[in-house]
Amino acid sequence: MCKSEIFAEILRIVSKETEISTDDIFSNSKETEVVDARYLLVRLLYENGFYPSQISSHIRKTKRSVNYILSNFSDRLRGGKMLRIQYENIKKTAGNH
């Protein structure tokens, strides 16, 4: 599977699990559910071998914002029960144990 296929599959899974559209995930929305979906996408892409610079170009965010998401993911995960549930469900679905 090539990088673009991996990206598309992870994006599809995150969008389906969170019930947030891909357009909303790529938007500048600050709604908690949308931000959580964006955090999930970035983290899962990183776990699947994408570099922050590659992630930033795919999701139309700066490399700095991608690095911020990656460094703050654990804190956000601790604070959000739904985010933890979605993260575990996605990891099972994607087979990223």
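The values are calculated or read from the model by the stated rules, or taken from the named source; none is laboratory data. If you're wondering where the values come from, they're calculated on a predicted model, not measured in any experiment. Reconstructed Cβ throughout: ideal geometry from the backbone, glycine too, with neighbour counts over all protein chains shown. Heavy atoms of the whole protein, side chains included, go into the accessibility calculation; ligands, DNA and RNA do not. Shrake-Rupley method; radii C 1.70, N 1.55, O 1.52, S 1.80 Å.
Pick from F26, F50: which is more than 11 Å from the chain's Cα centre (by Cα) and either under 18 Å from L70 (Cα atoms) or modelled with pLDDT of 95 or more (or both)?
F50
Can you tell which of R38, R64, R43 is open to solvent by less than 60 Å² (accessible area, probe 1.4 Å), at pLDDT 95 or above and of a type in the set (D, E, K, R)?
R38
Anything in segment 60-84 that is polar (S, T, N, Q) and part of a loop (DSSP other than H, G, I, E, B)? List them, or say none.
Residue satisfying the conditions is T62 alone.
Starting from segment 16-27, keep only residues that are closer than 11 Å to R60 by Cβ, then list their pairs with residues that are among the β-branched types (V, I, T) whose Cβ atoms are within a distance under 6 Å, requiring at least 6 positions of separation or different chains.
Taking only residues 6 or more apart or on different chains, the pairs are F26/I59.
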